[in-house]
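Reviewing the structure listed below.
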Amino acid sequence: MNLGFTNTEWIFGTTIIDRLHEIYGFQVVVNNLPNFGMGAWLTLEITVFSIAIGMVLGLIAALGRMSKIKVIKSIAVAYIDFFRGTPLFVQILLLYFGIIPLIFDASPIQSAIIACGLNSGAYVAEIIRAGIQAVDKGQMEAARSLGMTHGQAMIHIIFPQAFKIVIPPLINEFIMLLKDTSLVSAISVGELTHTGKMLYASTYQAVWVWGAVCVFYFIMTKALSILGDWTERRLATE
Amino acid sequence: MIVVNNLHKSFGKLEVLKGIDCHIHQKEVVCVIGPSGSGKSTFLRCINRLEEAQQGKIFIDGEEVTAPNADINRIRQEMGMVFQLFNLFPHKTTLENVTLAPIKIKKMSKEKADDIAIGLLRKVGLGDKDHVFPSQLSGGQKQRVAIARALAMQPKVMLFDEPTSSLDPEMVGEVLEVMKDLAHEGMTMIVVTHEMGFAREVGHRVFFMDEGILMEEGTPAQIFDNPQNPRTQSFLSKVL
Amino acid sequence: MKKFLSLLLIAMLAIGMLAVAGCGGAEEEPAQQEPAAEENTISKLVVGSETAYAPFEMVDDATGDYIGFDMDIIKAIGEAMEVEVEIRSMEFTALIPALQNGQIDCAISAMSITEERSQVVDFSDSYFDAGLIIAVAADTEGIETLDDLKGKVLAAQIGTIGADACVAVKAEDPATEVKTYDHVGEAFMELQKGGADAVVNDMPVTAYYVKTEASDKVKMVGEVFQADDHYGMPVQKGDAETLTLLNEGLAKIKADGTYDEIYAKWFE
Ligand SMILES: Nc1ncnc2c1ncn2[C@@H]1O[C@H](COP(=O)(O)OP(=O)(O)OP(=O)(O)O)[C@@H](O)[C@H]1O
Ligand SMILES: [Mg+2]
């Protein structure tokens, strides 16, 4: 590997930076940092809104799935099965080009959030269900024996304990979701991957462009997992 | 005070209770003994409907617990239950464990609930442990908190399901002591137990259950010193 | 924050190093190749194509084979030059990197010869004269020229000169919105569902789409523009051998009438 400078120059960081600035791919990346930033911001926005939708839907679907009422249970199971059993990419295309236009006039970003939110909700539902079922059965019995209703027992006893159990898999799901938002570039949402595609199509700097995209994704997922670790630690000490 | 008529309970094909009849009076302490799997826990859990019986009726103070439209949540408030494995709420302090139900169900003010709870914790000898989480307590301490938790709802009856079975031997005494005090105060109690000493000393009556049937009942003296049923005789010869 | 920035910088640098190493390799490769002394040592051509661009390249519904004008042309060249041809279907934007990495020998994918592309690959002689055209929904009035596109929502395929034209419009009028897709089919779908006012794309492809898929929903408007748009087959920069083969083959099939037959088959 010939980097074009001698060992002594390595010592001086500025020299390396100067050399880098002579490389076309590096220029492309540096000149487009604002574009990457905007793409990453949109990725984050889509992720956050999808998480919000996914959490609400997931909670409803999880409770629906555990419901004793047959109709509610079937609807919840059908929803969870469909969105976990088909590729997100296909869901994005189907919703954007097929289903959502029948209902209302949605922008690509809105459609992306709806698709990712619906998809995430199905996974969140299973995480929440597993978390609730992981709480010792004796907890529900103790609460009921004191005279609490099923709902009171859920709210005061089961949910708080399930919450701690579901934090790690939920954070994991959010990280997956953040990465999966790259698929919405297919419907012309200018998020990070789309930014990369555009830049790459005009410069052919595959390693630089996709490398930079990776760095941005990595920073965001790392931030999420640090947040997750922190939450976990806080909950553990409580 | 508690009347049980022809109680039947099955889990699938397995018939666990085969027609239990009994009558328990106010302020009475009944100890239920019998071999493992004989249906003692199931009997106790049917009384507060943690298990639903298939057949038979249970009355508390004349009110039918087993009626389909019975307000089971209110009825349960009048029956405290203590479990073998304590089932304390791990995310709450001991004080919160005790005050949760009065505050949430009886809508008691926090101050009043705290007052009562501290009194109860003192009574079970844990007045200094109010802000500790269950994970920091010993087994015997946990069970005493569980008793305080049940008492906080001011129940008319206390149901105990082998409250000392999962305790180290040196902690059994402190829990039995609390239960003994409770009995002396006149609490109506049904105690499923393997502690024959406790049954003999504190119990007013002893039920011997086997294979889902209430085989024999009588005063501790009758059951322990002069059992009539051969099953009782053989069971007692093994445990005493 | 400082730590965060330095982390970012370090990560970028690490990737930079990799890139430098990668570039070095790519530049050396052609130099290592033996000069093309002998005639036609090539026995097989691996050809990249984005096979979702009818009528130039597409998948036959019935057989699953790759068919289209480009496919016929490259097969005819292969026959004329007695080399085997293997088609590899890939994304349009992946074609040039695949050439650079040596994963394919050449590409035939309705690719316009542009100055930017010529800097990173070598193009064969042009084999098709295209040009761009604007397509709008059948009931749209008042869009005819590039000027009319200002301030509108435009759809195009990523990496095409149609997309470049849209970006140029946006540069003049920032109120313009450009939506770009991996495949031109999605751009047409966006147009049909009302999410875009116009699609800017290669005329022959748009004409074929309107004719076969959406004659009642989509129409072409105005004149063909950027008529100096010529399709060529790119090869790795410096790969004279493949380039010669392609040009000779193209000349042969033009001379013996095969080219005209193929042209008639797809466009008349
Ligand atoms: N939820 C359940 N589902 C199926 N079978 C059960 C269930 N609960 C208890 N049983 C069965 O019912 C029978 C009686 O159980 P129970 O717990 O009442 O016995 P026990 O007298 O309390 O015994 P031990 O002294 O071991 O606690 C046992 O055979 C047990 O396996
Ligand atoms: Mg038992």
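The values are calculated or read from the model by the stated rules, or taken from the named source; none is laboratory data. Computed from a predicted model, the values in this text were never measured in an experiment. Methodologically, a virtual Cβ is constructed for each residue, glycine included, from the backbone with ideal geometry; neighbour enumeration extends over all protein chains shown.
The table below gives the values:
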quantity: Output for region C:249-268, where each listed residue is of a type in the set (Lys, Arg) and touching a residue at least 24 places away in the same chain (Cβ under 8 Å); calculated: C:252, C:265
quantity: Residue that is nearest to residue B:190 (Cα to Cα) [pool: residues in region B:11-33 that are within 10 Å of ligand 1 (Cβ to nearest atom) and touching a Ser or Thr at 6+ places or on another chain (Cβ under 9 Å)]; calculated: B:32
quantity: Condition broken by residue A:143, with the remaining ones in (1) surrounded by 22 or more Cβ atoms within 10 Å (Cβ to Cβ); (2) within 14 Å of chain C (Cβ to nearest Cβ); (3) over 14 Å from the mean Cα position of the chain (by Cα) satisfied; calculated: (2)
quantity: All positions within region A:64-80 that are in contact with a helix residue (DSSP H, G or I) (Cβ under 8 Å, 6 or more places away or on another chain) and either charged (D, E, K, R) or modelled with pLDDT of 95 or more (or both); calculated: A:64, A:65, A:72, A:73, A:75, A:76, A:77, A:79, A:80
quantity: Out of B:183, B:199, sole residue that is more than 26 Å from residue A:137 (Cβ to Cβ), away from chain A (no Cβ under 14 Å) and within 16 Å of ligand 2 (Cβ to nearest atom); calculated: B:199
quantity: The lone exception for residue C:63 - which of (1) within 14 Å of chain A (Cβ to nearest Cβ); (2) out of contact with any Leu (no Cβ under 9 Å at 6 or more places or on another chain); (3) in a loop (DSSP other than H, G, I, E, B); (4) not aliphatic (A, V, I, L, M) it fails; calculated: (1)
quantity: All positions within region B:171-221 that are of a type in the set (Gly, Ala, Ser) and within 16 Å of ligand 1 (Cβ to nearest atom); calculated: B:199, B:212
quantity: Residue in region B:76-85 that is nearest to ligand 1 (Cβ to nearest atom), counting only those that are more than 7 Å from every other protein chain (Cβ to nearest Cβ) and crowded, with 24+ Cβ neighbours inside 10 Å; calculated: B:82
quantity: Members of region C:133-147 found to be out of contact with any Ser or Thr (no Cβ under 9 Å at 6 or more places or on another chain) and in contact (Cβ under 8 Å) with a residue 12 or more places away in the chain, listed by number; calculated: C:136, C:137, C:140, C:143, C:144, C:145, C:146
quantity: Any pair with Cβ under 6 angstrom, 6 or more apart, that starts in region B:25-37 at a residue that is among the small types (Gly, Ala, Ser) and ends at one that is more than 10 Å from ligand 2 (Cβ to nearest atom); calculated: B:34/B:208; B:34/B:209; B:34/B:210
quantity: Residues satisfying the stated conditions in region C:217-256, i.e. basic (Lys, Arg) and within 21 Å of the chain's Cα centre (by Cα); calculated: C:237
quantity: Any hit, region C:35-46, residues being within 22 Å of the chain's Cα centre (by Cα) and under 24 Å from residue C:188 (Cβ atoms); calculated: no
quantity: Residue list for region C:183-218, filter: within 14 Å of another protein chain (Cβ to nearest Cβ), assigned to a helix (DSSP H, G or I) and aliphatic (A, V, I, L, M); calculated: C:184, C:187, C:189, C:191
quantity: Residue within region A:195-218 that is touching a helix residue (DSSP H, G or I) at 6+ places or on another chain (Cβ under 8 Å), over 30 Å from residue B:90 (Cα atoms) and either among the acidic types (Asp, Glu) or more than 12 Å from chain C (Cβ to nearest Cβ) (or both) present; calculated: no
quantity: Close pairs (6 angstrom Cβ cut-off, 6 or more residues apart or separate chains): more than 14 Å from chain A (Cβ to nearest Cβ) in region B:150-170, of a type in the set (A, V, I, L, M) anywhere; calculated: B:164/B:172; B:164/B:175
quantity: Filtered residues of region A:178-211 (kept if in contact with a Pro (Cβ under 7 Å, 6 or more places away or on another chain) and of a type in the set (Val, Ile, Thr)); calculated: A:187, A:189
quantity: Close pairs from region A:71-87: first in contact (Cβ under 8 Å) with a residue 24 or more places away in the chain, partner crowded, with 16+ Cβ neighbours inside 10 Å and polar (S, T, N, Q), Cβ under 7 Å, at least 6 apart; calculated: A:83/A:91; A:83/A:119
quantity: Count of region C:225-268 residues which are part of a helix (DSSP H, G or I) and among the small types (Gly, Ala, Ser); calculated: 5
quantity: Verdict on residue B:193 being within 16 Å of ligand 2 (Cβ to nearest atom), out of contact with any strand residue (DSSP E or B) (no Cβ under 7 Å at 6 or more places or on another chain) and more than 14 Å from chain A (Cβ to nearest Cβ); calculated: no
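Listed here are the residues, each with its yes/no results for (1) surrounded by fewer than 19 Cβ atoms within 10 Å (Cβ to Cβ); (2) in contact with a strand residue (DSSP E or B) (Cβ under 9 Å, 6 or more places away or on another chain).
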| residue | (1), (2) |
| --- | --- |
| C:193 | yes, no |
| C:204 | no, yes |
| C:213 | yes, no |
| C:220 | yes, yes |
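For every residue, the table says whether it meets (1) within 16 Å of ligand 2 (Cβ to nearest atom); (2) surrounded by fewer than 22 Cβ atoms within 10 Å (Cβ to Cβ); (3) at the interface with chain A (Cβ under 10 Å from one of its Cβ atoms); (4) free of Cβ contacts under 8 Å to residues at least 60 places away in the same chain.
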residue: B:43; (1), (2), (3), (4): yes, no, no, no
residue: B:56; (1), (2), (3), (4): no, yes, no, yes
residue: B:59; (1), (2), (3), (4): no, yes, no, yes
residue: B:74; (1), (2), (3), (4): no, yes, yes, yes
residue: B:102; (1), (2), (3), (4): no, no, yes, yes
residue: B:105; (1), (2), (3), (4): no, yes, yes, yes
residue: B:114; (1), (2), (3), (4): no, yes, no, yes
